[in-house]
Amino acid sequence: MSMPIAASVSPRASIAKCKHEDEERANMDLIFYKYKDRVAMLPKEKGWSTKNLYLYQGFWHQSMRKVSVESVMAIQETFRAHPTDIYLATVPKSGTTWLKALMFALVNRNQYNNNSVSTHPLLVSNPHICLPYIEFEIFKTTPTYVDAHSPRLFATHMSYTSLPQSILDYGCRLVYICRNPKDVLVSLFNFENKRRDKSFDIMTFDEAFELFSKGVMVNGPYWDHVKGYHKVSLENPENILFLTYEDLTRDTANYVKQLANFMGCPFTEEEEAKGVVQEIVSLCSFESLSEANKHGNLAKGLPNEVFFREGKVGGWINHLTDEMSRILDEITEEKFHGLNITF
Ligand code: A3P
C-alpha cells in the first residue's frame, strides 16, 4: 500500500506551506491587477465553473485563476525558456496527468526505485506537483524553474500560437497529447462540476455540450488547439511528439519507449531486459496513481482524486445522445479534414 498523501504532511511543513500560499496569493493579486484593463477589453462568454471565459489570441481563458488569461499574458512577458527544456502541451482532460507522470518517471528513473511502494514521488505526491504547469510557476515567488536540473520539465495548456517566444526560438522539445473530443467533453463536464465555486449552479450536460461545440471551454476551441500543434508536428517532427490518449492506452509500453527516445533518455537493452519499461508503465497506470491520490488536496478545494475518474477510452457513449455524437463527429470531420488525426 502506498502512503496516503494527506498523512505525509507534518505540522511544520503545513505552516511553511501556508506562508508560501500567502506569498503566492499576493503575487497573483499583483499580476491580476497588472492585466485587468487588458482583460476588461476582451470578448467574453459564459464560463463552465467561473462566471466568464475571455477570448485572447483566439482561445478561451478563465480570469483570476492560475490557468488563466492573466497567466498567459504574464508568461508571454516574463517566462524564459532554456534550450534543453521539454514541455508537455494539452487541452485540459486529454491525459495531462498521465503524461506528466510518465515524463517525470522516465527522466528521473535512475534516481528512484520505480518499484518502491512508498518512496517514489509519484506515489506520495500528485503528478501535478512533480511536473508543474508554467501557468502555475509564473505566480510563485520562488519558481521551481530557478534551480531545476536539466532538462527542466513543464506542462502547459497554452495554444501553440500563444507560447512564449523563447520556447519557439530555442526549438524546445514539445510533447502533445490529444484525445477523442467526446471523451474530453465528458471528462471536462465532470471535472468542472466538481471544482465549480459553490455559488455556481451545477451545469447540465446539455449546457456543457452547447459550449464545447461552439469551442467555448478553457483553452478551447478544442479543435484549433489540436490542429495548431499537429501542424507543427508535421513540419517539425523532431521538435514535437504528437500522441493520442487512445494510442497510449492501446499500446502503452511501445509509446512509452517512443516517448523516452524523444526525450533523449532511451531505454538501454539492459533496462528493457530487466523490465524497467513495464515498471514505469505500472507505476504510472490509472490504478496506481488513483490509489496514491485517494486522499489530500492539490490546492484549496481541489482534491487530488478529481484528476482520476474512469481513465477509459470511449466512455462518452454513456453520456452523449446519438444527435450529440453526430454533431461532434461532423464538427471534427470538418475541422480535421485532410489531417491524419484518428481516435
Ligand atoms: P476521465 O475523466 O475520462 O476518467 P487530464 O489529466 O488532462 O486532466 O485528463 C484527465 C483524464 O485522464 C481523466 O479522464 C482521468 O481519469 C484520466 N487519467 C488520469 N490519470 C490517468 C492514467 N494514469 N491513465 C489513464 N488515464 C488517466
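The values are calculated or read from the model by the stated rules, or taken from the named source; none is laboratory data. Since this is a predicted model, take the numbers as computed values, not measurements. Note: ideal-geometry Cβ built from the backbone for every residue, glycine included; neighbour counts use all protein chains shown. These area figures cover heavy atoms from the full protein model, side chains too; ligands, DNA and RNA do not enter into them. Shrake-Rupley method; radii C 1.70, N 1.55, O 1.52, S 1.80 Å.
Scanning region 255-287 for residues that are within 19 Å of H120 (Cα to Cα) and among the β-branched types (V, I, T), which turns out surrounded by the most Cβ atoms within 10 Å (Cβ to Cβ)?
Restricting to residues being within 19 Å of H120 (Cα to Cα) and among the β-branched types (V, I, T), the top hit is I280.
Restricting to region 288-311, give me the number of residues that are closer than 26 Å to D206 by Cα, within 16 Å of the ligand (Cβ to nearest atom), open to solvent by 50 Å² or more (accessible area, probe 1.4 Å) and in a loop (DSSP other than H, G, I, E, B).
Total meeting the criteria: 2.
Among the residues of region 312-334, what is the count of those that are closer than 16 Å to S94 by Cβ and either open to solvent by 50 Å² or more (accessible area, probe 1.4 Å) or touching a Leu at 6+ places or on another chain (Cβ under 9 Å) (or both)?
4
Taking D169 and the conditions (1) within 14 Å of the ligand (Cβ to nearest atom); (2) over 16 Å from the mean Cα position of the chain (by Cα); (3) not hydrophobic (A, V, I, L, M, F, W, C), which numbered condition does it fall short on, given that it satisfies the others?
(1)
Within region 229-250, track down each residue that is away from the ligand (no atom under 16 Å from the Cβ) and either open to solvent by less than 10 Å² (accessible area, probe 1.4 Å) or of a type outside the set (D, E) (or both).
H230, K231, V232, S233, L234, N236, P237, N239, I240, L241, listed by residue number.
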